[in-house]
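The values are calculated or read from the model by the stated rules, or taken from the named source; none is laboratory data. Note that the structure is a prediction, hence the values are computed from the model and not measured. When we count neighbours, we look across all protein chains shown, and the Cβ atoms used for this are built from the backbone with ideal geometry, even at glycine. When the accessible area is computed, the model is the full protein with side chains, heavy atoms only, and any ligands, DNA or RNA have been set aside. Shrake-Rupley method; radii C 1.70, N 1.55, O 1.52, S 1.80 Å.
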Amino acid sequence: MRVVLVDMPWSSIDMPSLALGILRRRVLDVFPDADVRVVHANLDYVDWLVDRTGFTSEEYEFCANSYFSGLSEWIFSAALNDRPRWQVPEFTARLAGRVPAGMTDRARELHELAPLFVRETAERIVAAAPDVVGFTTTFAQNAATLAAARVVKELDPRVLTVFGGANCDGPQGAALHRNFPYVDVVVRGEGEAAFPQLLAATLGGIRDEAALAGIAGLCWRTSHGECVVNPMDAAPLPPGALVPPDFGDYFERHARSAAGSWVEPRLVLESSRGCWWGAKHHCTFCGLNGSFMEFRSKEAGRFVEELLALVERHRILDIWITDNIMDMAYLGSVAPRLAESGYDLRIGYEIKSNLRRDQLEVLHAAGITHVQPGIENLSSRVLRLMDKGVTACQNVRLLRDAEAIGTEVSWNYLYGFPGELDDDYHDVVNQLPALHHLMPPAGATRVKVERFSPYFDRPELGFGEPRPAAHYRYIYDLPEAELADLVYIFDSPRRGITDACLDRLRPAIANWADDYPRCRLTHWDLGEHIVLVDTRPGFDWHLLDVVDPIEVSVFRLLDTPHSPAALLRKVAARHDGVTEAWIGELLARWRALGVVFAEGGQVVQVAPTGADREVARRGEPLVGAPMVVPAVVPVATSVVAERADER
């Protein structure tokens, strides 16, 4: 048996396909004598374009990240529909004002070239004389993958074409199968069991229709051409059935590709599937996990062995874990094992944003130095509309603590939720300059309605009945009713904040990103007093000495979010004479200095702990030595700020 697995554009070019790595491993486990090859057509596409057009890494990144505008898939729409210059005037007119003019011209050029690339790729696949060609399709891969399958089937009708991946889940898979006759079989859901069963049922070119009818989730055709959609499994695979990937020669191929000079390759692995938070509180905008939300994680020792085996085999230390959320038990099981591995690992993980500093430090010691915590917004009320289960001050605390220990944070600022108000943003925007020393969001993005999300399934939450995003009509030659089952992104009425509020939010986020590289705010707790050093351009002080014992106590308590009432209760239990008015005046003063962030009835201090080298750079003694702050003379107010114009 010869199986060819194909990864088409626009998948990531810095890591192999985890799905195909897993399928390769499963096929070889079940059929040890099978010839299983992986065509890394995403890397082939990079080289093909570089040779012909001088394509750059920035252009690839732009196209690959244009999923929500439809540009990435439209590039392959002529190849998909077998019609040159498909919807060129219409779609390029739609792009006007949405993308740089130069990228519109480049997209038109790539659109005209795509059919040739697809045909050459299909010819190479068919030349391997496969019995089965399996395509993975996720997000922006659909048009390119369908186009390749069409030509493969045209060149060799006897080949069995099989689709799987996130774009095939639930009704999407059934719609894909019935609308594209050159797709013989669609595997919906998890493929580890279904794909080997499919191979067994079609072994030697003989179709066992009774066996095909028994494979959960499968979409297939009878000998009479009738489409059959098998029911999906009611339960997901148990964690013991989740196998590690076999990436074959991917990294050797990457090294030979132009992509190898653009990006360093990473390993990719999973330790769990599903989402333990989503199983209890499904975030209203999230469409991930599709048919199976139930959380399942691998046994800790087994996962560490799998990870280290891949590191040793491929000699790569950068790793991305695809989990939607980390198993919290891994803090006490996986993390210590990784910390003791002896490897300088650099691991990325998705986590919940309410992790404490001590938990982040455990992860950092294990090499988990890049996190995607799902911060999403800095308004507690908007976070409640999302059902995130965290507050804005908890989000800021995570940003502060991650900055302190050197953990990189990736996040987006989402807006446009039903029920949100301008008032949820105004005070937050006013305080953003106080956060310019913390990792900024990648941008401010209007929330989209995604299939499988509560916003999609429950119109009463505020978006109404969804309709397929408008850009899909420029990609697929299908009626609206079929697109409604096929696609992942949906258009909806604009909700949430006004344009006037958005006109404040967007530049505020952009200014944050611009300022971050040159901003620092740090503090040193020296026992009897606390010193803060500031370089943020939004504030005109650079050194602050907190010397009053009561204020020192308040600052330490604000390491975690507190309400003013809770602060008063705790401080009054330790010090005499503390009143509600005194606490209010102190917090107002610190807020004006950008020392605290206040939102949703809570307050948290925003200054990461400093490093000795920063003290030394200013000429002060190191932590632990007798501390004299030459620019500051404590006075009755107990807090003195050295102004920038006095330096």
*Could you give the nm distance between label points at Arg356 and Asp47, where each point is 7 Å from its Cα heading toward the beta carbon?*
5.2 nm
*Among 357-365, 576-584, how do they line up from the highest to the lowest mean number of other beta-carbon atoms within 10 Å?*
357-365, 576-584
*Could you calculate the FRET efficiency of Glu109 with Ala500 from 1/(1 + (r/R0)^6), where r is the beta carbon distance between them and R0 is 35 Å, rounded to 0.05?*
0.35
*Roughly how big is the chain's charge dipole about its Cα centre, with Cβ charges of +1 (Lys, Arg) and -1 (Asp, Glu), in debye to the nearest 20?*
420 debye
*Evaluate the relative contact order of region 281-439 (contact order divided by residue number), counting alpha-carbon pairs under 8 angstrom at least 6 apart; express in whole percent.*
21 percent
_Nearest-0.05 FRET efficiency for Ala442 and Ala365, computed from C-beta distance (R0 35 Å)_ = 0.85
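What is the sum of charges, Lys and Arg at +1 and Asp and Glu at -1, for the other residues whose Cβ falls under 12 Å from the Cβ of Ser379? Write out the running numbers ahead of the final one.
Working: positive: Arg381, Arg384, Lys388; negative: Glu376, Glu420, Asp422, Asp423, Asp424, Asp427, Glu599.
Overall, the nearby charge balance is -4.
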*Please calculate how many Å² of accessible area region 9-152 carries per residue, with a 1.4 Å probe and no DNA, RNA or ligand atoms counted.*
37 Å²
*lysines whose Cα lies under 17 Å from that of Lys298, excluding same-chain neighbours fewer than 8 positions away*: none
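Below 8 Å, C-alpha to C-alpha, sequence gap of six or more: please give me the relative contact order for region 157-201 in percent.
On the way: 47 pairs, mean separation 18.0, N = 45.
RCO, region 157-201: 40 percent.
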*Would you list which lysines come within 21 Å of Lys388, measuring only between C-alpha atoms, while excluding same-chain residues fewer than 8 positions from it?*
Lys280, Lys352, Lys448
*Please identify the cysteines of the chain that lack any partner cysteine with a Cβ under 4.7 Å from their own Cβ.*
Cys63, Cys168, Cys219, Cys227, Cys275, Cys393, Cys501, Cys519
*So, with a 1.4 angstrom probe, what is the percent of accessible area on the chain that is carbon and sulfur?*
52 percent
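Compute the FRET efficiency between Glu154 and Glu340 as 1/(1 + (r/R0)^6), taking r as their Cβ-Cβ distance and R0 = 51 Å, and round to the nearest 0.05. Mind showing how you got there, number by number?
Numbers: r = 55 Å, r/R0 = 1.07.
With R0 = 51 Å, the Cβ-Cβ based efficiency is 0.40.
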*Taking 7 Å along the Cα-to-C-beta vector as the label spot, tell me the Asp249-Ala470 distance in nanometres, rounded to one decimal.*
4.7 nm
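In the chain, which helices (entire DSSP H runs) extend 27 Å or more along their own long axis, judged by Cα positions, while averaging at least -1.0 on the Kyte-Doolittle scale?
Numbers: long enough: 101-127 (39 Å, -0.15).
What comes out of the filter, once short or polar helices are dropped, is 101-127.
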*So how far apart, in nm, are the two label points at Leu203 and Leu421 if each is 7 Å from Cα heading toward Cβ?*
6.7 nm
*asked:* Roughly how far apart, in whole Å, are the Cα centres of region 1-54 and region 497-563?
replied: 47 Å
*Selection from Val268, Cys283, Val304, by position along the positive dipole direction of region 240-349 (Cβ)*: Cys283
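Local charge sum around Thr560 (other residues, Cβ-Cβ under 13 Å, Lys/Arg +1, Asp/Glu -1)? Numbers along the way, then the final one.
Working: positive: Arg356, Arg357, Arg397, Arg400, Arg556, Lys570; negative: Asp358, Asp401, Asp559.
So the surrounding residues net to +3.
Under unit Cβ charges (Lys, Arg +1; Asp, Glu -1), what dipole magnitude, rounded to 20 debye, does region 286-442 have relative to its Cα centre?
Working: 15 positive and 23 negative charges, 49 e Å.
For region 286-442, the charge dipole is close to 240 debye.
Helix-only mean residue ellipticity at 222 nm, the chain, DSSP H runs n ≥ 4 weighted -39,500 (n - 2.57), per residue, nearest 500. What is it?
Working: 27 runs with 258 residues, N = 647.
Only helices count here, giving -11500 deg cm²/dmol.
Work out, step by step, the length gained on full extension between Ala588 and Ala566: first 0.36 nm times the residue separation, then minus their alpha carbon distance; give nm to one decimal. Walk me through the numbers on the way to the answer.
Numbers: separation 22, 0.36 × 22 = 7.92 nm, distance 1.62 nm.
Contour length minus Cα-Cα distance gives 6.3 nm.
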*Could you work out how far the C-alpha centroid of region 325-379 sits from that of region 151-227, in angstrom?*
39 Å
